[in-house]
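The values are calculated or read from the model by the stated rules, or taken from the named source; none is laboratory data. This structure is a prediction, so every number in the text was calculated from the model and none was measured. Neighbour counts run over all protein chains shown; Cβ positions are idealised from the backbone, glycine included. Side chains are part of the model used for accessible areas, which takes the heavy atoms of the whole protein and leaves out ligands, DNA and RNA. Shrake-Rupley method; radii C 1.70, N 1.55, O 1.52, S 1.80 Å.
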Amino acid sequence: MPDKPEGPQQLLIEELQDMYDVEKQLIRALPKMAKAASDEELGNALREHLEVTKGQMQRLEKVFESLDLRARSKPCKGMKGIVEEGQETMAEDREPVLMDTAITAAGRRVEHYEMAGYEALRDMARQLGLKDAAQMIEETLREEIQADKLLAQIAKRLLKEAGTAQGSKGSEEKGQRSKGSSSRGSSQGGAGASKKKSGSSRQKNSAAKGSSHSGHPLTDHEEIRQWAEERGAQPSCVKGTGSKDDTGMIRLDFPGYSGAESLQAIEWDEWFEEFDKRNLALIVQDTTAGGQQSNFNKLVSRDNVQERGGSNSRSAR
Ligand SMILES: [Fe+2]
């Protein structure tokens, strides 16, 4: 470390302290985000990023060490604001698939904020000839970019799932219903109850709060089977996700669902074996906000729904 206490070196130290606080705040926020997520992949991604973040904090400590400094944090107001906004979002009442989409957006804000911070830090370190520090910061930067990419991918899938249900509602409204198939929701978590009609979706969402058409988790095999059979849904798995001894990702396949080509029918026994092995719960909705039978369903981690308690766990065992 060059000996001048002020100037670029001091700026670098302050930026380091800022990022140290960013990571600390994130370590507190990520478990809450993971808990609020219904989507299995999203929950896992957030939990994994928590571990990565802990590593990043330790790496920052090493950067401080390489500069003969003790790790200290300087409160980062920007991150505080992003985290607070994320918490507000998670407190809102939304369909699980839309809540998950909102969580990916909050997560991506965090990642981009961190990417900007680390990129600036890396450049400062390089400029000052602090090779080790620059390399460590670069490593963290790459992890943040990776995390953002994964969240973007998940968001894309979630939007598709939300859109599938919305799209089928659209054709129903145009009177193109055939054998009732177009009113079927996605087997992968379509937002059956709050399909948007321009301008009124907000009111619809708030009207749905805590009512009988909010999703509830099922873990009982008979109840799940009955719910699915009432809707003509078949047990299935996603093609290409399994192996010889592994069923892969299970789903419910609804007649007329456009993603059917990607699904493969399996027996209920196999479906439930995978369901229990992976400790899953099926969040279902009985009726839409409009009172029609809903196909909304989503597979989530059982731990998640049990922790939530309240009306959400009325059928969970
Ligand atoms: Fe980070």
For the stretch 26-60 the number of residues that are more than 10 Å from the ligand (Cβ to nearest atom), over 12 Å from the mean Cα position of the chain (by Cα) and open to solvent by less than 20 Å² (accessible area, probe 1.4 Å) is 1
>> Against the condition among the small types (Gly, Ala, Ser) and at pLDDT below 95, how does residue 102 come out, does it pass?
In response: no
### Query
Hey, any hits in the stretch 274-290 for a residue that's touching a helix residue (DSSP H, G or I) at 6+ places or on another chain (Cβ under 7 Å), exposed (fewer than 14 other Cβ atoms within 10 Å of the Cβ), farther than 30 Å from residue 240 by Cβ and at pLDDT below 80?
no
All conditions in (1) open to solvent by less than 40 Å² (accessible area, probe 1.4 Å); (2) within 13 Å of the ligand (Cβ to nearest atom); (3) over 14 Å from the mean Cα position of the chain (by Cα) are true of residue 64 except (2)
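Would you say residue 93 is assigned by TED's automatic domain parsing to the domain that holds residue 17, at pLDDT below 95, more than 14 Å from the ligand (Cβ to nearest atom) and farther than 30 Å from residue 12 by Cα?
Yes: the conditions hold for residue 93.
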Check on residue 103, open to solvent by less than 30 Å² (accessible area, probe 1.4 Å), closer than 18 Å to residue 300 by Cβ and part of a helix (DSSP H, G or I): yes
Residues of the stretch 74-93 being crowded, with 19+ Cβ neighbours inside 10 Å and under 21 Å from residue 156 (Cβ atoms), in sequence order, are 86
Condition set among the aliphatic types (A, V, I, L, M) and within 13 Å of the ligand (Cβ to nearest atom), scope the stretch 117-138, selection surrounded by the fewest Cβ atoms within 10 Å (Cβ to Cβ): answer is 136
From the option list 141, 150, single residue qualifying as at pLDDT 95 or above and either of a type in the set (Asp, Glu) or within 11 Å of the ligand (Cβ to nearest atom) (or both) is 141
